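The values are calculated or read from the model by the stated rules, or taken from the named source; none is laboratory data. Note that this is a predicted model, so its numbers are computed, not measured. Virtual Cβ from ideal backbone geometry, glycine too; neighbours counted across all protein chains shown.
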Amino acid sequence: MRVWIAAACALLMGWSVQAAELGDDGLHKTDWMRDTFKDLREDLDEANAEGKRLVLFFEQRGCIYCTKMHKDIFPRPEIGQYIEDNYFVVQLNLYGDVEVTDFDGESLPEKDMARKWGVLFTPTILFLPEEVPEGRTAQQSAVAVMPGAFGAGTTLDMFTWVNEKRYELDNGEDFQRYHARRIQERNNGSFD
């Protein structure tokens with residue numbers, strides 16, 4: 001019993017150590033978020049050079065759902081480590097003024113880019129392909145969009161589904177079917 005309690009305490013302490021801090025902009029900061037010049041063409045090149053997928057996180061100051069994700073979901077080792085190992089994460093502020101250069105070459109403040117892409121609330125996560133056709137925007141090119149805060153299983157499944165490029169498969173297993181299968185596997189204890 002003592003071993004179990006010690007293991008649980010160590011795990012919880014590990015989660016709190018990994019929990020995101022608030023930056024000067026009021027947004028949560030994790031070790032796996034990148035501080036870039038927010039030129040998405042350069043960010044995509046850097047992500048590809050590292051063998052990672054580019055993902056854009058829209059958040060805002062005071063967002064209770066962003067806080068939920070950063071306190072309850074991303075600190076979980078199986079999720080946070082998966083993101084760190086497989087994704088190049090660029091954080092954007094829904095109401096921010098930092099210039100962002102889209103793939104089509106247009107530069108706008110974050111808040112105007114959010115409007116251009118139709119991002120209405122936070123968190124919103126856009127998953128990008130390894131190559132973006134010339135003249136297309138990030139929103140037009142996104143292979144998936146995660147609109148809102150979800151539980152651990154859904155979040156991990158979405159990141160895994162994108163990373164495994166399941167959106168390209170012709171087997172009829174869209175995200176909803178994939179996620180349902182993964183839930184079934186977890187419930188049956190066959191999920192590793």
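Looking at (1) at pLDDT 95 or above; (2) surrounded by 13 or more Cβ atoms within 10 Å (Cβ to Cβ); (3) over 16 Å from the mean Cα position of the chain (by Cα), which is the one condition that is false for G105?
(2)
Can you name the residue in region 150-192 that is polar (S, T, N, Q) and surrounded by fewer than 12 Cβ atoms within 10 Å (Cβ to Cβ) and is also nearest to the chain's Cα centre (by Cα) among such residues?
Out of the qualifying residues, it is Q176.
Within region 138-149, restricting attention to residues that are surrounded by 17 or more Cβ atoms within 10 Å (Cβ to Cβ) and assigned to a loop (DSSP other than H, G, I, E, B), which residue is modelled with the lowest pLDDT?
A149
Being of a type in the set (K, R), part of a helix (DSSP H, G or I) and within 29 Å of A152 (Cα to Cα) is the filter here, so list the residues in region 76-129 that pass it.
Within region 76-129, K111, R115 meet the criteria.
Let me spell it out: the conditions are (1) assigned to a helix (DSSP H, G or I); (2) out of contact with any strand residue (DSSP E or B) (no Cβ under 7 Å at 6 or more places or on another chain); (3) modelled with pLDDT of 95 or more, and L12 meets all of them except one. Which number is the exception?
Here L12 meets the rest and fails (3).
Among G153, G148, G118, which is the only one that is more than 16 Å from M69 (Cβ to Cβ) and out of contact with any Leu (no Cβ under 7 Å at 6 or more places or on another chain)?
Only one candidate qualifies: G118.
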